[in-house]
Amino acid sequence: MLHDYLTAHKKHFADHTELRAQVNTSKRVVLLAGNMVGNTQSQKSGISARMYRGGVYGFASGAEYSPDSVKNVLKAAAENVRFMDDNIRRGEPPLPKIKDAPGKVGLKKPIFDDIPQSVLIDYAKNLDAFIAKKYRNLSSRTVLADTLYMEKLLTVSDGADSHSFQPRAMVYVWLTTETSDGVPVELFKGFSHVGRFDEYFCDHAALESELDKLYENLMEKRDGVYANAGLKKCVLHPDLAGMLSHEAVGHTVEADLVLGGSVAAHNLGKQVASEKISMTDFAHTAFGKTCPLPVYVDDEGTPAEDAVLIENGYLRGFMHSRETARHFGVSPQGNARAFEFSDEPLIRMRNTVIHPGTDKFDDMIASVDDGYFLVKTGNGQADSTGEFMFSVDLGYEIKNGKLGKAIRETTISGVAFEMLKTVDMVSDDLAWEISGFCGKKQSMTTSMGGPALRCEMNIGGR
């Protein structure tokens, strides 16, 4: 647990200052066909200081956390911001102060003792042995067990000081088979929880039903057909809808990218989606429940609040840092976060989700005469125009209102705001996905999700 060497320096802060100590602890075990090909553990810890003056920042960091290192890092940040201000001379006023900020936001849950590497090794071996014994006709299998614990201690010149601890435990499984003509076919499933690894992954029984479904999907995909290319009526699984909302919509409404010319720059207040679509980047509580990866204070000391992005189809706001919030004349809501101690805070998504609707999933499938149910996406890309292209790793035909054959891997593409305007049904359920990372300049833990969507989508063929 981080000792507080920071607070004593607060009385000496002149400019806007953020002083952060951080420890990231990670463990990983990888098994390929029963052979251990990865066995790593690491800890990255240190301190950083960032100061703001006249429209520029001075940043410094160090890998040692001690009273002397705090002084040295603060001194270096002060020298850097002075140099930047003397040479760039933007002449901007100070950042607005945070009104009514709490003095300090403490840990929501206590820090627990870490587990030994052997826990991950034993779990991965047992899970791999279970997969090898139960599921036939596999040409390859991979099991990955992983933990990441992030502890942060933050002191700021104004705003909320905080002490946070965010633990995440993950298990990833890849299953591979071959078609009759020897073409590899693969599917992947990630399992993730917030907490200590052995609280959730104590034996493979908890994953068995999900693995059964993954294997069943793989065998269906192996015998699948190719999709017919064109603009098709599609039902998007919540996982895929969440990924598209994050990549193709969420990034376009991050204010730093808006200032860089994203498609959202000229669409504030305009209709960008069907009236059935509402989308929020939640801080820590959504629909009466704690979010998968709650954020209470960001790394600029801003108390976290929900950022309403799309409301009934209309673009209502962006995600901000303190600096971009001042530019747009709004209040910051706690979206500036850093992944490691040596990273500067960037505008990042937290728990970004499309709101559930009122439609039943079965009715959505039954309403499609000739289309596709798209379930899983693998890799893909989206840019600041909102244009996207993603692979579809798992999908099914919909024929006369019923699910048909699985389809081979294909792609979907389009422009996010145009695609969202075609949404005419939104399911009344909600699924979160927290097993991945967002890769905007630096990695970051985020969660995303939503309901199933019925829309029109450009789909690739053979």
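Descriptive notes on the structure:
- Pairwise centroid distance, computed over Cα atoms, of the range 1-49 with the range 280-346, Å: 22 Å
- Heavy atoms of residue 92: accessible area, 1.4 Å probe, square angstrom to 10: 80 Å²
- Between the listed residues 98, 135, 87, the Cα displaced farthest toward the positive end of the dipole of the chain, a dipole computed from Cβ unit charges relative to the Cα centre, is found at 87.
- In straight-distance terms, cross-link reach from residue 27 covers every one of the aspartates and glutamates whose alpha-carbon lies under 19 Å from its own, apart from those fewer than eight places away in the same chain; here that gives 113, 114, 122, 128, 146, 151, 198, 199, 203, 340.
- Treating r as the C-beta distance of residue 90 and residue 362 and R0 as 51 Å, the FRET efficiency rounds to 0.35.
- Vicinal HN-Hα couplings computed from phi for the range 161-170 (Karplus, 6.51 cos²θ - 1.76 cosθ + 1.60; Hz; Gly/Pro x): 6, 7, 9, 10, 9, 10, x, 9, 10, 9
- For the range 301-418, the spread of Cα positions along the three principal axes, ordered from largest to smallest, is 53, 33, 23 Å.
- Debye log10 I(q)/I(0) at q = 0.11 Å⁻¹ for the chain, Cα point scatterers: -0.95
- For residue 432, the solvent-accessible surface with a 1.4 Å probe is about 80 Å², rounded to the nearest 10.
- A DSSP coil position with no more than 16 other Cβ atoms inside 10 Å describes the following chymotrypsin sites (Phe, Trp or Tyr not before Pro) in the range 266-310: 287.
- For peptides 444-451, 208-215, sequence by mean Cβ density within 10 Å, most packed first: 444-451, 208-215
- Our summary gives the chain a relative contact order of 16 percent, counting only alpha carbon pairs under 8 angstrom and 6 or more residues apart.
- Bins of 10 Å from zero: percent of alpha-carbon pairs in the range 230-459: 8, 35, 36, 16, 4, 0
- 15 Å Cα-Cα reach of residue 221 towards aspartates and glutamates, excluding residues that sit fewer than 8 places from it in its own chain: 178, 181, 186, 212, 393, 397, 409
- ³J(HN,Hα) computed for each position of the range 408-422 - Karplus, 6.51 cos²θ - 1.76 cosθ + 1.60, integer Hz, glycine/proline x: 5, 4, 8, 10, 10, 8, x, 10, 4, 5, 6, 4, 5, 5, 8
- Approximating the spin labels as points 7 Å out from Cα along Cα→Cβ, the residue 381-to-residue 115 distance works out to 3.8 nm.
- For residue 387, the residues whose amide H sits under 5 Å from its own are 416, ignoring neighbours fewer than 5 places away on the same chain, with H placed 1.01 Å from N.
- Cα gyration tensor shape of the range 146-305, rounded if a/c is under 1.5, else prolate or oblate by comparing a/b with b/c: oblate
- 3J(HN,Hα) along the range 216-232, derived from phi through the Karplus expression 6.51 cos²θ - 1.76 cosθ + 1.60 where θ = phi - 60°, amounts to 4, 4, 4, 5, 5, 5, 4, 9, x, 10, 7, 6, 8, 5, x, 7, 10 Hz, with x in place of Gly and Pro.
- For the range 7-222, diffusion coefficient by Stokes-Einstein and Kirkwood Rh (Cα), 4 °C, 1.567 mPa s, µm²/s: 62 µm²/s
- Along each principal axis, taking the top coordinate minus the bottom one, the Cα set of the range 93-172 gives 65, 29, 16 Å in descending order.
- Among the listed pairs 71/97; 97/440; 125/189; 152/376, those beyond 29 Å (Cα-Cα): 152/376
The values are calculated or read from the model by the stated rules, or taken from the named source; none is laboratory data. Because the structure is a prediction, the values reported are computed rather than measured. Methodologically, a virtual Cβ is constructed for each residue, glycine included, from the backbone with ideal geometry; neighbour enumeration extends over all protein chains shown. SASA here: full protein model, heavy atoms, side chains in, ligands and nucleic acids out. Shrake-Rupley method; radii C 1.70, N 1.55, O 1.52, S 1.80 Å.
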